[in-house]
1. Can you compute the FRET efficiency between Leu91 and Phe39 using 1/(1 + (r/R0)^6), with r the Cβ-Cβ distance and R0 = 30 Å? Round to the nearest 0.05.
2. Evaluate the distance, in nm, between pseudo-label points positioned 7 Å from the Cα of Ile160 and of Asn20 along their respective Cα→Cβ axes.
3. Taking R0 as 30 Å, what's the FRET efficiency between Arg46 and Ala122 from their Cβ-Cβ distance, rounded to 0.05?
4. Rank-order 87-98, 21-32 by packing density, defined as the average count of other C-beta atoms within 10 Å over each peptide's residues, highest first.
5. Starting with the highest mean, order 39-47, 76-84 by the number of other Cβ atoms within 10 Å, averaged over the residues of each peptide.
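Only the coordinates and a few stated rules stand behind these numbers; no lab work does. Predicted model, so just to flag it, every value in this text is computed and none were measured. Cβ sites come from the backbone with ideal geometry, for glycine too, and all protein chains shown count toward neighbours.
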Amino acid sequence: MDETADTSVSSSLSSTIFTNYPLLSAFAAFALAQSIKFFIAWYTERKWDFKQLIGSGGMPSSHSATVTALAAAVGFQEGFGGSIFAIALVLACVVMYDATGVRLHAGRQAEVLNRIVYELPAEHPLAESRPLRELLGHTPFQVIAGGVLGIVTAAVGHLIP
């Protein structure tokens with residue numbers, strides 16, 4: 001491949017990625033959800049917790065916002081009756097179900113295990129173990145809020161030319 005062809009492939013790839021409406025909608029919804037979590041944490045705890053910008057769990061669900069923005073944007077762009085939208089919708093449903101099911105309960109189990117380890121005598125081999133992350137999943141309200149945020153993000157992106 002010569003240099004001209006190599007440049008056009010690179011240019012075509014970057015323009016495709018940076019103008020991909022469903023992808024941009026998903027990234028924007030994720031960034032918005034994480035930013036909202038960051039400011040909610042600051043408001044409730046009155047301290048800056050930069051882990052909120054990348055961490056899971058909390059209000060709203062960034063997982064739900066991301067996948068619903070992707071599905072809605074695909075629907076707006078390709079039509080809501082197509083197979084690509086169906087794939088995106090099923091993916092969104094699986095992710096949101098997982099966030100309120102498996103990951104929520106794993107976080108609750110981590111909370112119980114951390115309490116048990118905390119109450120162990122100091123000489124116990126597990127007494128010095130690092131605590132498990134407790135904020136893994138979402139309540140149904142957090143998932144719904146993330147889903148609404150994702151749909152609104154994709155709709156706004158659809159209205160902007």
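1. Numbers: r = 28 Å, r/R0 = 0.94.
Using R0 = 30 Å, I get an efficiency of 0.60.
2. Label-label distance for Ile160 and Asn20, simple model: 1.8 nm.
3. E(calc), rounded to 0.05, equals 0.35.
4. Numbers: 87-98: 16.0, 21-32: 20.4.
Going by the mean number of other Cβ atoms within 10 Å, highest first, we get 21-32, 87-98.
5. Working: 39-47: 11.0, 76-84: 12.7.
Put in order of decreasing packing, that is 76-84, 39-47.
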